[in-house]
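Here is the structure we will look at.
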There are 2 protein chains.
Amino acid sequence: MTSIGCVCMAKGTMKTICLTSLGKHDIKSFINSFDTILTDCDGVLWLGSELIPGANIALNTFRNLGKKIFYVTNNSTKSREEYIDKFRKLGFVASEEEILSSSYLSARYLNDIGFKKKVYVFGTSGITKELDKVGIHHTEVGPDPMVCDMGTLVSSKTKLDPEIGAVIVGFDEQISYPKILKAGSYLKNPDCLFLATNTDQQFPSKSNIVIPGAGCIVAAVECCAGRKPKVIGKPGDYIRDYLIKKHNINPQRTLMIGDRGNTDILLGTRCGFKTLMVLTGVSSLVDIEQWEKSDDKEILGCVPNYYVNTLADVVPLLPK
Amino acid sequence: MTSIGCVCMAKGTMKTICLTSLGKHDIKSFINSFDTILTDCDGVLWLGSELIPGANIALNTFRNLGKKIFYVTNNSTKSREEYIDKFRKLGFVASEEEILSSSYLSARYLNDIGFKKKVYVFGTSGITKELDKVGIHHTEVGPDPMVCDMGTLVSSKTKLDPEIGAVIVGFDEQISYPKILKAGSYLKNPDCLFLATNTDQQFPSKSNIVIPGAGCIVAAVECCAGRKPKVIGKPGDYIRDYLIKKHNINPQRTLMIGDRGNTDILLGTRCGFKTLMVLTGVSSLVDIEQWEKSDDKEILGCVPNYYVNTLADVVPLLPK
């Protein structure tokens with residue numbers, strides 16, 4: 001079966017296969033080759049608060065076919081409990097344990113390593129709620145604006161809490177100079193852990209406005225601290241270890257669906273999953289063509305095995 | 001003449017020469033080999049608002065010996081006019097044309113290339129005052145806090161000014177999410193120029209507080225925009241071109257004094273100046289030893305020809 005409208009027709013030289021160009025038999029083999037399907041959210045299932053039409057039907061169909069589903073999102077602004085509401089509102093089936101948000105995974109990571117100190121959170125309540133659930137102390141989130149001059153901030157106003165043993169940086173629309181200063185100062189101690197929920201540069205956007213992602217906040221702190229963080233979200237390897245350890249998944253029988261090369265697809269490549277890119281978010285076919293030409297292993301790792309315009313296009317191909 | 005207290009005694013293997021360990025004759029040759037002396041300010045002449053004792057005497061002595069002096073500072077928070085006050089208050093002789101601040105040089109650069117559009121300034125009045133002097137239009141500086149939710153910010157509150165043709169990023173203690181979003185959005189247009197006054201990661205600090213520098217702001221914008229800026233300040237090459245073109249300096253008869261390897265000294269190395277590091281600021285002898293071991297050309301370029309504990313130590317060595 002060949003989809004006439006499929007963009008792949010014009011891109012004959014690409015190694016990435018257009019999923020809708022496969023014949024019925026190949027589609028069936030493709031679907032049967034997976035027990036587990038991981039999917040990104042922003043740009044695949046929804047854009048901001050709007051459903052990407054048909055994405056819910058596709059995911060629910062995968063589930064009905066007996067696939068184990070995990071929603072893997074780098075967005076740290078919500079706790080898993082809060083995500084459940086969003087999933088249900090947009091017509092997805094989801095349980096807490098299927099939601100692997102970078103906020104949850106960050107708390108999980110600290111819990112796994114037996115962290116007992118306090119966390120300086122440069123982020124939002126999505127992170128602190130997950131820390132609360134595993135009983136890890138943390139600073140409060142919210143605005144911390146620059147209200148004095150720099151001299152005062154440095155000399156007397158900034159008190160560092162000696163209990164802090166980790167800094168978690170995530171998305172924080174209340175980024176401020178005092179927060180960068182505090183994060184950088186805690187990280188001066190080489191024993192202080194430095195975690196980033198994720199390093200996405202931008203959120204998917206349909207307008208001419210570029211919407212800065214957590215990566216911009218992380219970049220500021222990284223520069224100030226002169227250190228690189230452990231990235232908990234995609235494409236960091238903690239997710240793979242977590243999925244294998246807690247859910248006993250078989251990487252070779254796992255599909256990763258995403259809209260972004262350097263997070264979703266790179267994670268899949270690194271973990272030995274098959275990868276499927278949708279074109280409803282950040283990355284495009286032009287990007288894939290560029291990455292294919294690279295000599296850089298990391299950039300080559302952004303090239304997906306398959307692509308499809310939108311998840312909705314997959315639905316008619318699936319076995320009934 | 002050997003200074004007994006000189007740290008160099010313990011660092012016998014370093015290639016960088018301790019200036020105070022030179023004999024009288026070598027010191028005289030050293031001084032006579034320069035017509036022009038460039039010096040950094042923060043960490044060499046002062047720390048914040050406090051004079052580094054003796055730095056003024058050293059600079060004034062160089063001047064009395066007939067050296068042409070330029071103060072080269074990456075700090076963009078003041079205009080040249082404002083710097084004059086600071087120099088005089090701390091006992092330095094200085095005229096406007098001797099002060100090469102990154103704020104002044106940024107305005108100068110745009111003027112040199114005949115820039116006629118408007119500048120989005122992510123920085124302070126140090127930059128806008130210098131833009132005013134060369135008649136370049138710009139946005140206003142000051143707080144631009146996150147006062148609505150992200151959806152509103154993206155959908156309706158952010159109006160991009162079609163006149164903007166350049167973004168200048170400098171130090172801005174009022175860093176905010178809306179500012180990063182606007183800078184990133186303007187820079188989506190590949191014709192929009194992207195200038196950074198400087199990329200210093202931190203200010204020199206004597207306390208346990210790490211004071212974020214302009215580099216942290218630039219890193220956030222760079223991440224959001226997915227582009228690298230032209231760096232106007234040290235170690236960018238615009239300064240060299242400016243000094244040769246406007247002041248006809250001879251790089252081979254020029255000394256660059258600084259406290260930081262990756263700005264001051266790297267600039268000197270790139271420009272063919274001789275370099276002298278003082279240990280009153282950011283970098284240390286341990287840093288120099290590390291850099292000397294590197295294979296990276298840029299890191300090797302941070303290694304100074306000479307070092308001295310403090311500029312005050314140079315004074316007794318100078319010819320009367």
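Close amide H contacts of A:PHE70 (hydrogens built in the peptide plane, cut-off under 5 Å, sequence separation of 5 or more or a different chain): A:ILE37, A:LEU38, A:THR39. The angle separating the long axis of helix B:55-64 from the principal Cα axis of greatest extent in chain B is about 70 degrees.
Computed from the alpha carbon positions, the gyration tensor of segment A:167-224 leads to an equivalent ellipsoid with semi-axes of 24, 11, 7 Å, biggest first.
What does the charge add up to near B:LYS182, with Lys and Arg as +1, Asp and Glu as -1, over the other residues with Cβ less than 14 Å from its Cβ? Each step should come with its number before you reach the end.
On the way: positive: B:LYS118, B:LYS157, B:LYS159, B:LYS179, B:LYS188; negative: A:GLU173, B:GLU140, B:ASP144, B:ASP161, B:GLU163, B:ASP172.
That works out to -1.
Convex hull volume of the Cα atoms of chain A, normalised per residue: 139 Å³. Below 8 Å between Cα atoms, with a sequence gap of 6+, how large is the relative contact order for chain B in percent? Relative CO of chain B lands at 21 percent.
Under the shape rule built on the C-alpha gyration tensor, where the axes satisfy a ≥ b ≥ c, segment A:227-320 is oblate, since a/c reaches at least 1.5 while a/b does not exceed b/c.
In units of 2.2 N^0.38 Å, what is the alpha-carbon radius of gyration of segment B:132-199?
Details: Rg = 12.7 Å, N = 68, 2.2 N^0.38 = 10.9 Å.
After normalising by residue count via 2.2 N^0.38 Å, the value is 1.16.
Normalised by 2.2 N^0.38 Å, where N is the number of residues, the alpha-carbon radius of gyration of the protein assembly as shown equals 1.08. Surface composition of segment B:104-231: carbon and sulfur atoms hold 51% of the protein heavy-atom accessible area at a 1.4 Å probe.
Determine, for each peptide in B:92-99, B:109-116, A:195-202, the mean count of other beta carbons within 10 angstrom over its residues, then list the peptides with the highest first. Each step should come with its number before you reach the end.
Details: B:92-99: 16.9, B:109-116: 15.2, A:195-202: 25.9.
Order by mean packing, descending: A:195-202, B:92-99, B:109-116.
Tally Lys and Arg at +1 and Asp and Glu at -1 over the other residues with C-beta under 12 Å from the C-beta of A:ASP85: what net charge comes out?
Counting the neighbours of A:ASP85, the net charge comes to +2.
Can you list the residues of segment A:211-226 that have at least 50 square angstrom less accessible area with all protein chains present than in their chain by itself, probe 1.4 Å? With the partner chains in place, segment A:211-226 has these residues losing at least 50 Å²: A:ILE211, A:PRO212, A:CYS216, A:CYS223, A:CYS224.
Taking the Cα centre of each part, how many Å lie between segment B:111-139 and segment A:144-181? Value for the Cα centre distance between the two parts: 30 Å.
Each DSSP beta bridge with both residues in chain B is either parallel or antiparallel, and the antiparallel ones are about 10%.
Counting only the heavy atoms of the protein chains, how much of A:CYS41 is accessible to a 1.4 Å probe, in Å² to the nearest 10? Surface open to solvent at A:CYS41 totals about 0 Å².
Ballpark to the nearest 100 Å², how much total accessible area do A and B bury together, probe 1.4 Å? Each step should come with its number before you reach the end.
Numbers: alone 14630 and 14620 Å², together 26240 Å².
Separately minus together, A and B give about 3000 Å² buried.
For the residues of B:144-155, the average number of beta carbons from a partner chain within 10 Å of their own beta carbon is 3.
Return the average number of partner chain Cβ atoms within 10 angstrom of each residue Cβ along peptide A:156-169.
Working: counts 0, 1, 4, 1, 3, 0, 0, 0, 0, 0, 0, 0, 0, 0.
Mean shielding count: 1.
Return the single residue from B:ASP295, B:ASP132, B:ASP287 with maximal mean-square fluctuation; model: Gaussian network over chain B, springs between Cα atoms under 10 Å. Of the options given, B:ASP295 has the highest mean-square fluctuation.
According to the square roots a ≥ b ≥ c of the eigenvalues of the Cα gyration tensor, what is the shape class of segment B:69-111, taking rounded for a/c under 1.5, prolate for a/b larger than b/c otherwise, and oblate for the remainder? Don't jump to the answer; show the numbers that get you there.
Values: a/c = 2.31, a/b = 1.86, b/c = 1.24.
Verdict is prolate for segment B:69-111.
In a reduced charge model with +1 at each Lys and Arg Cβ and -1 at each Asp and Glu Cβ, the protein assembly as shown shows a dipole moment near 600 debye about its Cα centre. Per residue, the accessible area of segment A:117-188 comes to 39 Å², computed with a 1.4 Å probe over protein heavy atoms only. Computed over the alpha carbons of segment B:4-123, Rg followed by Dmax gives 17.9, 58 Å.
Dividing the convex hull volume of the alpha carbon atoms of segment A:104-231 by its residue count gives 114 Å³ per residue. Run through all the Cα pairs of segment A:202-278 and give the fraction in each 10 Å bin from 0, expressed as whole percent. Calculated P(r), rounded to whole percents: 17, 39, 31, 13, 0. Sequence-distant contacts, meaning Cα pairs under 8 Å at least 6 residues apart, place the relative contact order of segment B:71-142 at 36 percent. Solvent-free Debye calculation, one equal scatterer per alpha-carbon of segment B:79-145: log10 I(q)/I(0) at 0.15, 0.20, 0.26 Å⁻¹ equals -0.51, -0.79, -1.09.
The values are calculated or read from the model by the stated rules, or taken from the named source; none is laboratory data. Model, not experiment: these values are computed from the prediction. Here the Cβ is made from the backbone with ideal geometry for all residues, glycine too, and neighbour counts use every protein chain on show. Each accessible area value is taken on the protein alone, full model and side chains, heavy atoms only, with ligands, DNA and RNA left out. Shrake-Rupley method; radii C 1.70, N 1.55, O 1.52, S 1.80 Å.
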